[in-house]
Every structure is written in C-alpha cells, then in structure tokens.
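> I'd like to ask some things about the structure below.
The values are calculated or read from the model by the stated rules, or taken from the named source; none is laboratory data. In this text the structure is predicted, and so the values were computed from the model without any measurement. FYI the Cβ positions are ideal-geometry reconstructions off the backbone, even for glycines, and counts take in every protein chain you see.
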Amino acid sequence: MEDGIVTDDEMAILNILANCIGLDEGSAKFASAILNQMEKSPITSAQEDEWSKRHIGDATCYQSALIAALDDDVISDDEMAMLDCLRRAMSLQPNEHALVEESVREMIVNQGDDRLMTRLESYLTSFPGV
C-alpha cells in the first residue's frame, strides 16, 4: 500500500491471507478503505496492541503465503518483500521459519516439482537472514 500500487502478485498474496483468516470480501474492501484513509478505523489502540501479539496459526498463514508465491512463474520482488514483511510482522523466529521451510521442502519433494524447489532456494538466497 505504501507505493499506492497493488500488483497482481501482491493482490494474490493478500487474497490468500484474507482466506487464511476468514476475511469476507466486504471486510476486505472496508480494510482497504481504511488503509487508503477513506474510512476511519474502528480499531482502538488497545485492540491493536492485543491483536498485534503472536497467535496460533501465524506460521501456517506465512507458509500459505510462501506456497502461493512459489506456485507462479517466479517469486517477484514484490512477493519477496511482502513475504519478508509478513514474516517480520508476525515476528516469526528463525526456528519457526526453519520449520515452515522444512514443511514446504517436504511438500515439494513429495510433489516432485523441481521448479518450486528452485524458487524456494531463490527466496532463501535473496533473504539470507530468514
């Protein structure tokens, strides 16, 4: 949202995240209006503090976004940045990321899809601090 442009890759990841948390289309549009400062946020600072804490399922949500990014032709710079931002926003620890990576690797091996493994390696090379 910072650059004022939502690319197709970014929209795909946002849709996946919305599905992961059960956000309906009307709520997603309202959230977009809040981000664009067309609507006032109904969330209080106390609620924001509470909801910003870690939750069960954060790693699964990140894993779903990572898989979606891997599944198209290439992980774009936008997708890489969004994944990195999501990982940091969720405060995923290196050991948690390692578990997500291990799970995704196992899924890729089971599918026998070398292109996904190549894309995963590309992402991990681009963000070595993960």
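> Which one is nearest to Met117 (Cα to Cα) among residues in the range 43-98 that are touching a His at 6+ places or on another chain (Cβ under 9 Å) and without any contact (Cβ under 8 Å) to a residue 40 or more places away in the chain?
This residue is Tyr62.
> Consider only pairs whose beta carbons are under 9 Å apart and that are at least six residues apart or on different chains; among these, list those whose first residue lies in the range 103-130 and is over 13 Å from Asp84 (Cα atoms) and at pLDDT 90 or above and whose second residue is assigned to a helix (DSSP H, G or I) and of a type in the set (Val, Ile, Thr).
Close Cβ pairs (under 9 Å, with a partner that is assigned to a helix (DSSP H, G or I) and of a type in the set (Val, Ile, Thr)) amount to Val104/Ile67; Met107/Ile67.
> If you don't mind, there's one more thing I want to ask. State all residues of the range 107-121 that are closer than 13 Å to Asp71 by Cα and in a helix (DSSP H, G or I); if no residue qualifies, say none.
Scanning the range 107-121 gives Met107, Ile108, Gln111, Asp114, Arg115, Leu116, Met117, Thr118, Arg119, Leu120.
> For the range 35-63, give me each residue that is surrounded by 10 or more Cβ atoms within 10 Å (Cβ to Cβ), closer than 30 Å to Leu120 by Cα and of a type in the set (A, V, I, L, M, F, W, C).
Ala59, Cys61
> Something else now. Please specify each residue of the range 72-102 satisfying the condition of being surrounded by fewer than 14 Cβ atoms within 10 Å (Cβ to Cβ), within 15 Å of Ala12 (Cα to Cα) and at pLDDT 80 or above.
Matches in the range 72-102: none.
> Related question: What residue, among those in the range 108-130 that are surrounded by 15 or more Cβ atoms within 10 Å (Cβ to Cβ) and under 18 Å from the mean Cα position of the chain (by Cα), is nearest to Ser52 (Cα to Cα)?
At the first step, the residues of the range 108-130 found to be surrounded by 15 or more Cβ atoms within 10 Å (Cβ to Cβ) are 108, 116-117, 119-120, 123, 130.
Next, from what is left, pick out any that are under 18 Å from the mean Cα position of the chain (by Cα): 116, 119-120, 123, 130.
Working: Leu116: 31, Arg119: 30, Leu120: 28, Tyr123: 26, Val130: 21 Å.
By that ranking, first place goes to Val130.
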